[in-house]
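Shown next, in structure tokens, is the structure this report addresses.
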Amino acid sequence: MGDAKVIPFGEDSRGRRGGTGSGSGAGSGAGAGRPRTGRGRASGGATAGGAGGTAAEAPQPPLAAVPDAVEGTGPGAGARAGDGAGAQGGQGAVPGIPAQSAGGRAGPGAGPGAQAGAADGGPSGAGASGPGGSVLGAVAERVLGADWDRRVASGLAFLRRRVTGDYEVDEFGYDAELTDQVLMSLLRPLYERYFRVEVRGIENIPAEGGALVVSNHSGTLPLDALMTQVAVHDHHPAGRHLRLLAADLVFVLPLVNELARKAGHTLACAEDAEVLLERGEVVGVMPEGFKGIGKPFADRYKLQRFGRGGFVATALKTKVPIVPCSVVGAEETYPMLGNARTVARLLGLPYFPLTPTFPWFGPAGLVPLPTKWAIQFGEPIATDGYPPEAAEDPMLVFNLTDQVRETIQHTLYELLVQRRSVFF
């Protein structure tokens with residue numbers, strides 16, 4: 001030990017020490033040299049002088065102040081001592097100087113050891129976030145938005161749950177996750193950009209507990225039901241979901257049947273409606289049925305008969321409020337000028353519409369006109385103040401049915417007066 005030779009501080013000494021493995025980089029110490037002894041294995045926060053090799057055993061002369069960066073052209077040149085990386089140059093570490101915690105960045109001229117250290121503890125100057133990664137990130141942000149990474153991760157997790165079967169549906173077939181992440185996402189552009197729906201009075205739907213939303217029905221195809229569902233899903237402060245009661249025809253059509261069930265729709269019968277309302281769901285019903293959706297364009301915004309008031313009896317039994325809903329804009333999406341009844345009977349349909357574009361333009365005639373919509377939810381009509389046997393009183397059921405119908409009709413007239421144009 002007394003004959004130890006003091007090696008000058010310079011380029012040759014750095015290269016000589018790097019070759020004997022005296023300088024381990026931050027992180028896993030993947031520099032060019034390995035320690036010859038088991039002592040002092042480098043890790044993020046180890047001292048460069050104690051990293052291994054015979055250099056650690058030799059007494060070190062006192063050193064002057066260490067410059068901010070070690071200059072040179074060797075493999076470890078360019079590592080910055082003041083950048084939070086300590087001796088992360090791997091091959092360019094200075095013996096006897098404690099290395100700072102790993103996680104800094106390797107300089108532009110850092111050698112292999114510096115790059116390896118930066119890979120373990122932090123980003124490198126020319127690492128994975130290079131030109132290619134930046135371009136891909138910019139494209140993804142432009143297409144998917146600023147939170148594209150979160151959305152991609154959420155989508156991959158969704159696909160994994162679909163493949164493994166790790167999701168739930170209720171006894172009606174409602175798939176909440178599929179509806180939120182897929183079906184609503186498909187309908188939202190139509191709702192926001194094509195029909196530009198304005199929603200009013202959404203706060204009239206209670207934040208919790210059951211409620212029965214009663215709406216007018218029109219437009220040849222039931223787009224108004226779907227847009228009302230999006231309005232409740234996206235705009236209600238409590239994030240409620242509208243469970244629609246649909247006609248029998250919906251559940252006999254291939255593909256449409258599955259999608260309707262997944263979206264939370266169920267058969268328009270009193271038994272299903274009662275179960276959902278007692279469970280505290282928001283249920284939507286359109287009492288006009290095919291009479292409203294298939295009426296001629298000349299009768300637009302004139303409510304048809306509301307049936308025998310079965311929805312009112314259901315609300316009285318479950319003691320939930322009735323929320324009237326008026327939709328303006330759906331009538332003009334497919335102006336129904338005629339009805340080919342013979343074709344409708346052959347196809348088993350309630351009507352076969354003849355519009356200015358269908359069937360003359362083929363599939364292109366199915367594209368709806370881009371009308372401007374407004375959906376208004378009226379003040380709820382309470383039913384919890386009636387006695388239990390009120391649902392069996394035909395006069396009370398009739399009066400409440402007529403009250404709901406008149407409220408919706410009056411609101412439709414008000415919205416039409418306020419509307420500037422069918423399309424704007």
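Scanning the stretch 141-171 for residues that are of a type in the set (Lys, Arg) and in contact with an Asp or Glu (Cβ under 8 Å, 6 or more places away or on another chain), which turns out farthest from THR266 (Cα to Cα)?
The selected residue is ARG160.
Taking the stretch 244-269 on its own, how many of its residues are assigned to a helix (DSSP H, G or I) and open to solvent by 60 Å² or more (accessible area, probe 1.4 Å)?
Looking only at that region, the number is 5.
Select from the stretch 401-424 the residues that are of a type in the set (A, V, I, L, M) and open to solvent by less than 80 Å² (accessible area, probe 1.4 Å) and list them in ascending order.
Listed by number, the residues that qualify are VAL404, ILE408, LEU412, LEU415, LEU416, VAL422.
If I filter the stretch 374-382 for residues that are open to solvent by 60 Å² or more (accessible area, probe 1.4 Å), at pLDDT 95 or above and among the small types (Gly, Ala, Ser), do I get at least one hit?
Within the stretch 374-382, one or more residues are open to solvent by 60 Å² or more (accessible area, probe 1.4 Å), at pLDDT 95 or above and among the small types (Gly, Ala, Ser).
When only residues in the stretch 229-243 that are touching a strand residue (DSSP E or B) at 6+ places or on another chain (Cβ under 6 Å) and not small (Gly, Ala, Ser) count, which is surrounded by the fewest Cβ atoms within 10 Å (Cβ to Cβ)?
HIS235
When you go through PHE361, PHE398 one by one, which is the residue that is in contact (Cβ under 8 Å) with a residue 24 or more places away in the chain, aromatic (Phe, Trp, Tyr) and either farther than 16 Å from LEU212 by Cα or open to solvent by less than 20 Å² (accessible area, probe 1.4 Å) (or both)?
PHE398
If PRO356 satisfies every condition in (1) in a helix (DSSP H, G or I); (2) under 38 Å from the mean Cα position of the chain (by Cα) but one, which is the exception?
Only one criterion is unmet by PRO356, namely (1).
Please specify each residue of the stretch 373-418 satisfying the condition of being more than 21 Å from MET336 (Cα to Cα) and assigned to a loop (DSSP other than H, G, I, E, B).
Those that are more than 21 Å from MET336 (Cα to Cα) and assigned to a loop (DSSP other than H, G, I, E, B): GLY378, GLU379, PRO380, ALA382, THR383, ASP384, GLY385, TYR386, PRO387, ASP393.
From the list THR220, THR228, exactly one residue is closer than 25 Å to ARG305 by Cα and part of a loop (DSSP other than H, G, I, E, B). Which is it?
Going through THR220, THR228 in turn, just one is closer than 25 Å to ARG305 by Cα and part of a loop (DSSP other than H, G, I, E, B): THR220.
Could you please find all residues in the stretch 186-217 being touching a Gly at 6+ places or on another chain (Cβ under 9 Å), among the β-branched types (Val, Ile, Thr) and under 27 Å from GLY310 (Cβ atoms)?
VAL213, VAL214
Please go through (1) in a loop (DSSP other than H, G, I, E, B); (2) in contact (Cβ under 8 Å) with a residue 60 or more places away in the chain; (3) touching a Leu at 6+ places or on another chain (Cβ under 9 Å) for PRO370 and return the number of the only condition it doesn't satisfy.
Tallying (1) in a loop (DSSP other than H, G, I, E, B); (2) in contact (Cβ under 8 Å) with a residue 60 or more places away in the chain; (3) touching a Leu at 6+ places or on another chain (Cβ under 9 Å), PRO370 fails exactly one: (3).
Is it true that CYS325 is within 19 Å of LEU212 (Cα to Cα), free of Cβ contacts under 8 Å to residues at least 60 places away in the same chain and open to solvent by less than 40 Å² (accessible area, probe 1.4 Å)?
Spelling it out, it is not the case that CYS325 is within 19 Å of LEU212 (Cα to Cα), free of Cβ contacts under 8 Å to residues at least 60 places away in the same chain and open to solvent by less than 40 Å² (accessible area, probe 1.4 Å).
Can you find even one residue in the stretch 182-197 that is open to solvent by less than 80 Å² (accessible area, probe 1.4 Å) and in contact with a strand residue (DSSP E or B) (Cβ under 8 Å, 6 or more places away or on another chain)?
So far as the stretch 182-197 goes, yes, one or more of its residues are open to solvent by less than 80 Å² (accessible area, probe 1.4 Å) and in contact with a strand residue (DSSP E or B) (Cβ under 8 Å, 6 or more places away or on another chain).
Select, from GLY239, GLY280, the only residue that is modelled with pLDDT of 95 or more, among the small types (Gly, Ala, Ser) and in a loop (DSSP other than H, G, I, E, B).
From the options GLY239, GLY280, the qualifying one is GLY280.
Filtering the stretch 338-356 down to residues that are on the phi < 0 side of the Ramachandran plot and without any contact (Cβ under 8 Å) to a residue 12 or more places away in the chain, which residue is least open to solvent (accessible area, probe 1.4 Å)?
Result: ALA344.
Would you please name the residue that is surrounded by the most Cβ atoms within 10 Å (Cβ to Cβ), looking only at residues in the stretch 292-302 that are assigned to a helix (DSSP H, G or I) and touching a Pro at 6+ places or on another chain (Cβ under 9 Å)?
ILE293
Across the stretch 156-179, what is the number of residues that are open to solvent by 30 Å² or more (accessible area, probe 1.4 Å) and among the aromatic types (Phe, Trp, Tyr)?
Of the residues in that region, 2 qualify.
Condition check: among the basic types (Lys, Arg), in contact (Cβ under 8 Å) with a residue 24 or more places away in the chain and either closer than 20 Å to VAL404 by Cβ or in contact with a Pro (Cβ under 8 Å, 6 or more places away or on another chain) (or both). Does ARG243 satisfy that?
Answer is yes for this residue.
One line per residue, one yes/no per condition, for (1) in a loop (DSSP other than H, G, I, E, B); (2) touching a Ser or Thr at 6+ places or on another chain (Cβ under 7 Å):
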site	(1), (2)
PRO287	yes, no
GLN304	yes, no
THR314	no, no
LYS317	no, no
PRO324	no, yes
MET336	yes, yes
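The values are calculated or read from the model by the stated rules, or taken from the named source; none is laboratory data. Please read all numbers here as calculations on a predicted model, not as lab measurements. Neighbour counts are summed over all protein chains in view; Cβ atoms, including those assigned to glycine, are modelled from backbone coordinates with ideal geometry. For accessibility, only protein heavy atoms count, side chains too; no ligands or nucleic acids. Shrake-Rupley method; radii C 1.70, N 1.55, O 1.52, S 1.80 Å.
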